[in-house]
Amino acid sequence: MDDLKRQLVEWRHALHRIPEAGNHEVETAAFVARELRAMGIEVTEGVGGTGVVGTLSAGAGSRAIGLRADMDAIPISETRVCDYSSTHDGMMHACGHDGHMAMLLGAAKILSEAKDFNGTVRFIFQPDEETGHGAMNMLADGLLDRFPMDEIYGAHNMPFAPEGTIAMKTGGIMASEDNFTITIKGEGGHAAQPHKTKDAMVIAGEIILAIQTIVSRNIDPACSSVISLTEITSDGAHNVIPGTVTIKGDTRSLDPVSQKTVEERMRKLCEGICRVNGAECDFEFTYEFIPTVNDAACMGYAAEAAAKVVGRENVDTAVTAPLTSEDFGRFLREIPGCFVFLGSAKTDDEPPLHSAKYDFNDNILETGAGFFAQIVRDRLK
Ligand SMILES: [Zn+2]
Ligand SMILES: [Zn+2]
C-alpha cells in the first residue's frame, strides 16, 4: 500500500469508530479540523452548527472551487464486527460518510502538498445531511458570503455500481423529498347506521385512489415523481364508523416543476373530495429535500476529471437517477456544480446504504480523493 492509500484508510477507520448524529458531529469536526490544520490549511469551525470549512490558496487566481463531504452518521446498531467497529452505541456510519470525509481529507493532502492549481479551494465538511438540514444551516450561516465559491462538487459512494466507476448526469440526479399528512374530519357513528355519518374511511379510500392519478396523469411522462401513502390511522373501531382518518406519506421528484405539481394536485384532490362528501380536510405538506440538479457545463468538467482518474470507459454520464434524496441540492440551487456517484460494489450482492452491515469500500478512497483533486486542477488552471 502506498502512503496516500494507507493514510486514507487510517482516516476512514478512525472516523468509522466515532459515528455521530446530525448536528452532533463534535468529535468528527474536531478530527477533520485537526487533520486540515496539520496540512497547513486555514480552518473555520462551527459553520452552520458543527460544520468545518478549510481554505487553501495557490497562485494568484481569483476563482474558487468548493468540494463537499458530509459528516453525519445514522442511528443504527452496527452488526459487523471488525477492528474499527463503531464505539458509539446505536450509531454507525451506514451511509459511507466516513469515506466521504476521508476522500476530502485526501484531496486536501494532495493539493496542499502539490499546490498545482491557481486559485482557492474550499474544503466543506457539512453536518446533518441525513435530515436534509445541514446544507441549509451552513448557507444560513453565510457560507457563500464568508467563503465565496464559483462552483461546487460533491460525491456519494454507491453500492449499486461497480468499484472504479464514476457516474453522473445533467439535470436532476437525486430527488426532492416532501412529507405530507392528510387529516379527514367527517362525522363518526354506529357501524349499523352509515346514513347518519360522514364516513371518513370511505372518503380516505377515494383520496387514496385519486392520488394515484397524479403521477400517471399530471406529471410529464419524461419526468420522474413518486407518491407513497405509507400510514393510515382512524378513531373508528369494529362497530364504530370513524369520524377522523389520518393518512401520511412521502413524495419525491427529480425536478422542481414536478415537485410543485405533486403538491398542488394533492392539495386540490384532498380538499375537493372532502368537500363533496361534506367533510373537512387538513392538508399539511412539509419540504424536506429539494431536488439535486446538476449544471450541464459542470457535469462536463466533472466527466473530464473523472475520465482522467478512472479512464473514460469507466465514466457514465447518463446514469439513471435514483429517487433517493441528498441535501447537496441546496448548494446547487445557489451556485453551479455537479454531484457524482462513486461506484463502490466489490460483488453483485452488496448490502445497501443504511444497512446495519454497510461498510464503505476502502478501495475507492483514492478514486474519490483523486477525482476531487483533479477537478480543482482542471477548473483552477
Ligand atoms: Zn444516507
Ligand atoms: Zn449519504
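The values are calculated or read from the model by the stated rules, or taken from the named source; none is laboratory data. Predicted model only: the values in this text are computed from it and were never measured. All Cβ positions, glycine included, derive from the backbone under ideal geometry; neighbour counts span all protein chains shown. These accessible areas exclude ligands, DNA and RNA; they are computed on the full protein's heavy atoms, side chains included. Shrake-Rupley method; radii C 1.70, N 1.55, O 1.52, S 1.80 Å.
Amide H to amide H, with H built 1.01 Å from N, MET158 comes under 5 Å of LEU342, GLY343, SER344, counting only residues 5 or more places away or on other chains. Over the residues of the chain, the helix contribution to mean residue ellipticity at 222 nm works out to -10500 deg cm²/dmol, using -39500 (n - 2.57) for each DSSP H run of at least 4.
Projecting the Cα positions of CYS281, MET39, VAL215 onto the charge dipole of the chain (unit charges on Cβ atoms of Lys, Arg, Asp and Glu, taken about the Cα centre) puts VAL215 furthest along the positive direction.
When Rg is the radius of gyration of the Cα atoms in the chain and Rh is its Kirkwood radius, what does Rg/Rh come to? If you can, show how the numbers build up before the last one.
Details: Rg = 23.7 Å, Rh = 22.3 Å.
Radius of gyration over Kirkwood radius for the chain works out to 1.06.
Extension gain for LYS268-THR44 works out to 75.9 nm (0.36 nm per residue, less the C-alpha to C-alpha distance). Residue by residue, region 151-156 carries 3J(HN,Hα) couplings of 8, 9, 10, x, 8, 10 Hz when phi is fed to the Karplus relation 6.51 cos²θ - 1.76 cosθ + 1.60 (θ = phi - 60°); x denotes Gly or Pro. Charged side chains reduced to their Cβ positions (Lys and Arg at +1, Asp and Glu at -1) give the chain a dipole of some 740 debye around its Cα centre. Coupling constants for region 125-134 follow from the phi torsions by the Karplus curve (6.51 cos²θ - 1.76 cosθ + 1.60, θ = phi - 60°), and in residue order they are 9, 9, x, 6, 6, 4, 8, x, 10, x Hz; glycine and proline get x.
Counting only Cβ charges, +1 for Lys and Arg and -1 for Asp and Glu, the dipole size of region 177-289 around its Cα centre is about 400 debye.
For the chain, the longest principal axis of the alpha carbon atoms and the long axis of helix 200-213 meet at an angle near 50°.
Measuring from each cysteine beta-carbon in the chain, the ones with no other cysteine beta-carbon under 4.7 angstrom are CYS82, CYS95, CYS223, CYS270. Just tell me which lysines come within less than 16 Å, Cα to Cα, of LYS115; anything on the same chain fewer than 8 places away is out. Qualifying lysines at Cα under 16 Å: LYS381.
How much accessible area per residue does the chain have, counting only protein heavy atoms and a probe of 1.4 Å, in square angstrom? Don't skip to the end; give the middle numbers.
Details: 15840 Å² over 381 residues.
I get 42 Å² per residue for the chain.
From the alpha carbon centroid of region 310-325 to that of region 218-286 is 33 Å.
Placing unit charges on each Cβ (+1 for Lys and Arg, -1 for Asp and Glu) gives the chain a dipole about its Cα centre, and among SER57, TYR358, HIS195 the Cα reaching farthest toward its positive end belongs to SER57. Give the carbon-plus-sulfur fraction of the accessible surface of the chain in %, rounded to a whole number; probe 1.4 Å, heavy atoms of protein chains only. Summing carbon and sulfur atoms, their accessible area is 51 percent of the total for the chain.
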